[in-house]
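Everything on this sheet refers to the single structure shown next.
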Amino acid sequence: MSLSEALLQLNNEQKEYVINFLYNELEDFRITATIKNKKLSDAIQQMIGFYPVRMTVKPEDHEIYVECTHKTDHHLTGTIIDEQGQPVAYANVAVLNPADSTLLGGGVSNESGYFAIPYEQPTVLARFSYVGYKTVYKQCTSESIGTIRLQPEVYTLNGVQVKGERQIVKAENGHLTYNMPQLLEILPADDAYESMLAKAEVMASAPAKYHVHGMAINVVTKDYSGTHQFAGQLQGFYRQNKYGYGQAKGSMIYQHGNFGLDASYFCGYGTAYGQVEHEAHHPLGDQRVDYSDKTERKNQTLNHNYRIGLDYAFSKDSRLNVAYTGKWTSNDATNTSTGLETSVQKSETHTYLHNVDASYTSPFGLQLSTSYTNYQNPRTQHLDGHLYDTERNLYVDSRQRISKWLFAADQTHDLGKGWELNYGVEAQLTNNASYQTTCDANGQPLADATSHVDYDERIFDIYAGFSKQITPSFSVETSLGAEQYHTPKWNKWRWYPTLNALWTVDKNNMLNFSFSSQNVFPTYWSTMSSIFYSSAYSEIWGNPDLKPNSQYDIDLIWQLHQRYTFTAYAKFIPDYSVQLAYQPSDRMAVIMKEHNFNYMNVYGLQASARFSAGKWLNGTAMATGNYRHDKSDRFFDLPFDRRQLTLILSSTTAIRFSQRHDIRLILNPHFQSKAIQGVYDIDPMFRLHASLRWTSDDKKWSVIVAGQNITNSRVITHSRLANPDCYLSYRRFQGKKDKDCQHLAHGILG
């Protein structure tokens, strides 16, 4: 905020002194400061910093006078940033006479990179300098000169080589904080919004005040309020496999003083292709019938995604945010099945999404937020299928309508001595008005494939928590939340505790213990009571008795030398639910149905490491050992109790081919050994993604050539428990997830 606003705030918050100053005289001197446990005079001196401002204290009169020592009608103002867009604090600013370069005045930038230098004559020459950066000169005819970007200066010292590595991650406020600009230098990404990223807070157990559960990443953006910024990006993308898919998107960020605006638009058009193959020895009565089919899916899609966000900072601690996000998609899909079954399924689907979010943060720690979401998904489908003497000529008309309101209020109090208290409430009010109508060739509705719901759902949360920096190296954060889930079928309260403890043993070791809990809700479509016939052989059954499941996570993380991370974890999920396949013995059909297990438990060990070789190789590697236990006594007549140990190996490696130009090859290999999910065995799989990218020296242009799934791998599953004996192979070549293929493979990929 301005020095004038800060002095007014200090004057109002204490009664011992009257602070006297001229508002307009100090208005241009903006400050960024955190002040705790200081005397009033020391606080004011900290705010003044290196500005040409003087403070005079008169204790006998209980008055403080603050005045500018260089009184002029003009102040040269602006912001200094480095090549990564980070503020440069304490950079030197000199105001020179353009005629002979004599010094007229000067100063330094503050913690936000902002400066204000008094000057008198109409035109001046400004000089900006900082150790390690090239000096910049700019002739100025107006007071505000916007943003000055400094570029690094390269010095060559014969026979001397200095090597070092900046800190990427550190412990901060009970969680691990990653330096995003530095991380993106090593492993670049593709979006213009990267220029807004300051840090990422990785929380093994997110406190309740964030209204999310379990492990979470809180992305913190840079605060450009009070500055003048404009950035934008245009991006084009084309992918070719069996068919082509192209997309274009544009985004922009604008900041003018306290007002900020960001907008983005995305459009994608093309055709996706996927394959699903079944092989089965179907148990029909006391016989086994061999069955096989191959389904090819062709999906032509058109996507539009758009967003606009507005931000206004009333002060450093008071801010209003409003954002609208919209989506419109159209899908025209054809599924063609050949083999023992022959069928053609054609569908037309549209998706409409409108979402408005608004939040306000007050200076005294209260945050209010509200959100409204409207989602509609109309769909029509024609199915013409044949299997033995079964013939399905069906027409399906369905629509999902979801309307949701969300309200939240959160309060935070700094209690001093490292204590912080937070508490709040959240309410979600949702209406689900959805239907599916299935008619036969004569236009008569099928009762088992027709249903309609129109009900209200209510979720109410209340929580309280605290955090404490017990010692400089040890902190604790904990919370307890209560949640009520109310629908016509369910009405239950559940308690959800969280705990996060972080111990910085020394500069090379950090230990993090966390416990989190949450509620996971089934999708709306999965709770419908109707059957969806996706082919003459495959049926997708809804389950109105499907209930939410609880999830409890325990993690112990050890980080060594900021390069190596070792994690031991356990996950307990009573009433876990997923879609599985079942073959009835009285007819030829495969039933896909989501149901609740007794539980799904996972225990694991994970190790990851960052590696590098000079400036030409950087990356991360990860190894995970996973022991999974799935148990269900209620899946049709097929109870199961299964255990499996799975090994997962993955890496992201960036190879830089040139020191002069930014040309990199990025490899993403991934291997998974045999795994299970319910009744499924999932075969081992190796997949490789790769991309070659060039980025211009000014970071404004990039060209990327990428290959997805170069190894042409597919997900292959088997089920040979009790009666069922089936094999399913799934491969999606390109494009986004399509609804029907996702239904068929949900049990494997979910």
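The values are calculated or read from the model by the stated rules, or taken from the named source; none is laboratory data. Keep in mind it's a predicted model, so treat the numbers as computed, not measured. Here the Cβ is made from the backbone with ideal geometry for all residues, glycine too, and neighbour counts use every protein chain on show. The area values use the complete protein model at the heavy-atom level, side chains included, leaving out ligands, DNA and RNA. Shrake-Rupley method; radii C 1.70, N 1.55, O 1.52, S 1.80 Å.
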Estimated dipole of the stretch 483-624 in Debye, rounded to 20 [Cβ of Lys and Arg +1, of Asp and Glu -1, Cα centre]: 380 debye
Taking Cα atoms, how many degrees apart are the long axis of helix 739-749 and the longest axis of the chain, rounded to 10 and kept between 0 and 90? 90 degrees
Which whole-Hz ³J(HN,Hα) couplings does the stretch 116-128 yield from phi under the Karplus relation 6.51 cos²θ - 1.76 cosθ + 1.60, θ = phi - 60°, glycine and proline marked x? 9, 10, x, 8, 10, 7, x, 10, 9, 10, 9, 10, 10
D414 accessible area, assembled protein chains, probe 1.4 Å, Å²: 100 Å²
Where only protein heavy atoms count, and the probe is 1.4 Å, what is the accessible area per residue for the stretch 472-528 in Å²? 50 Å²
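Dipole of the chain, Cα-centred, from +1 at each Lys and Arg C-beta and -1 at each Asp and Glu C-beta, to the nearest 20 debye? Working shown, then result.
On the way: 69 positive and 76 negative charges, 341 e Å.
So the magnitude is around 1640 debye.
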Under 5 Å between amide hydrogens, which residues at least 5 positions from M600 or on another chain qualify, with H placed 1.01 Å from N in the peptide plane? I573, D575, Y576
Distance between the stretch 604-682 and the stretch 572-600 - C-alpha centres, whole angstrom: 26 Å
Label-point separation (nm) for D290 and S101, each offset 7 Å from Cα along Cα-to-Cβ? 9.0 nm
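Provide the net charge surrounding N431, with neighbours chosen by a C-beta distance below 10 Å and charges set as Lys +1, Arg +1, Asp -1, Glu -1.
Numbers: positive: R401, K404; negative: D454, D456, E457.
Net of charged neighbours comes to -1.
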What length, rounded to one decimal in nm, is gained on full extension from K346 through to F611, with 0.36 nm per residue of separation minus their alpha-carbon distance? 90.4 nm
Please work out how much accessible surface Y23 shows to a 1.4 Å probe, ignoring ligands, DNA and RNA, in Å² rounded to 10. 80 Å²
With DSSP loop assignment and no more than 15 other C-beta atoms within 10 Å, the trypsin sites (Lys or Arg not before Pro) in the stretch 638-692 are R660, K674
What number comes out for the charge environment of Y569, summing +1 per Lys or Arg and -1 per Asp or Glu over other residues with Cβ under 10 Å away? -1
Placing +1 on the Cβ of each Lys and Arg and -1 on the Cβ of each Asp and Glu in the chain, which of L502, P181, M622 has its Cα farthest towards the positive end of the resulting dipole? M622
For the stretch 64-150, what does the alpha-carbon gyration tensor say about shape, rounded, prolate or oblate, given a ≥ b ≥ c as the root eigenvalues, a/c under 1.5 as rounded, and a/b over b/c as prolate? oblate
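Rounded, prolate or oblate: which one fits the stretch 421-536, using the alpha carbon gyration tensor with axes a ≥ b ≥ c (rounded when a/c is under 1.5, else prolate when a/b beats b/c, else oblate)?
Numbers: a/c = 5.53, a/b = 2.63, b/c = 2.10.
It comes out prolate by the Cα gyration axes.
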Could you pull out every one of the aspartates and glutamates with an alpha carbon less than 14 Å from that of K15, ignoring same-chain neighbours closer than 8 positions? D61, E63
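Using unit Cβ charges (K, R positive; D, E negative) and no other charged atoms, how large, in debye to the nearest 20, is the dipole of the stretch 562-687 about its Cα centre?
Numbers: 16 positive and 10 negative charges, 176 e Å.
Dipole magnitude for the stretch 562-687 comes out near 840 debye.
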Å² of accessible area per residue within the stretch 232-372, as computed with a 1.4 Å probe and no ligands counted: 50 Å²
According to the square roots a ≥ b ≥ c of the eigenvalues of the Cα gyration tensor, what is the shape class of the stretch 7-128, taking rounded for a/c under 1.5, prolate for a/b larger than b/c otherwise, and oblate for the remainder? oblate
Pairwise FRET efficiency - L692 versus K138, Cβ, R0 = 25 Å, nearest 0.05: 0.05
Amide H partners (placed H, <5 Å) of A198, local residues excluded: V220, T221, K222
Taking +1 at the Cβ of each Lys and Arg and -1 at the Cβ of each Asp and Glu, which of T430, N442, S530 sits farthest along the dipole of the stretch 427-535 towards its positive end, judged by Cα position relative to the Cα centre? T430
Need the C-alpha centroid separation for the stretch 379-399 versus the stretch 453-523, integer Å. 45 Å
Selection from A570, L546, L353 lying farthest towards where the dipole of the chain points positive, charges on Cβ: A570
Excluding S4 itself, what net charge comes from residues whose Cβ is under 10 Å from its Cβ, given Lys and Arg +1 and Asp and Glu -1? -3
How much mean residue ellipticity at 222 nm does the chain get from its helices, if each DSSP H run of length 4 or more adds -39500 (n - 2.57) and you divide by all residues, to the nearest 500 deg cm²/dmol? -1500 deg cm²/dmol
Between S403 and V476, what FRET efficiency follows from the Cβ-Cβ distance if R0 is 35 Å, with the result rounded to 0.05? 0.30
Protection proxy (average C-beta count within 10 Å per residue), highest first, orders 693-706, 497-510 as 497-510, 693-706
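What order do you get for 709-715, 575-581, 490-496 when each peptide is scored by the mean count of other beta carbon atoms within 10 Å, highest first?
On the way: 709-715: 14.9, 575-581: 22.3, 490-496: 12.7.
Descending mean neighbour count gives 575-581, 709-715, 490-496.
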State the percentage of accessible surface on the chain attributable to carbon and sulfur atoms; use a 1.4 Å probe and exclude ligands, DNA and RNA. 55 percent
For the stretch 89-107 and the stretch 227-258, write down the distance between their C-alpha centroids in whole Å. 39 Å
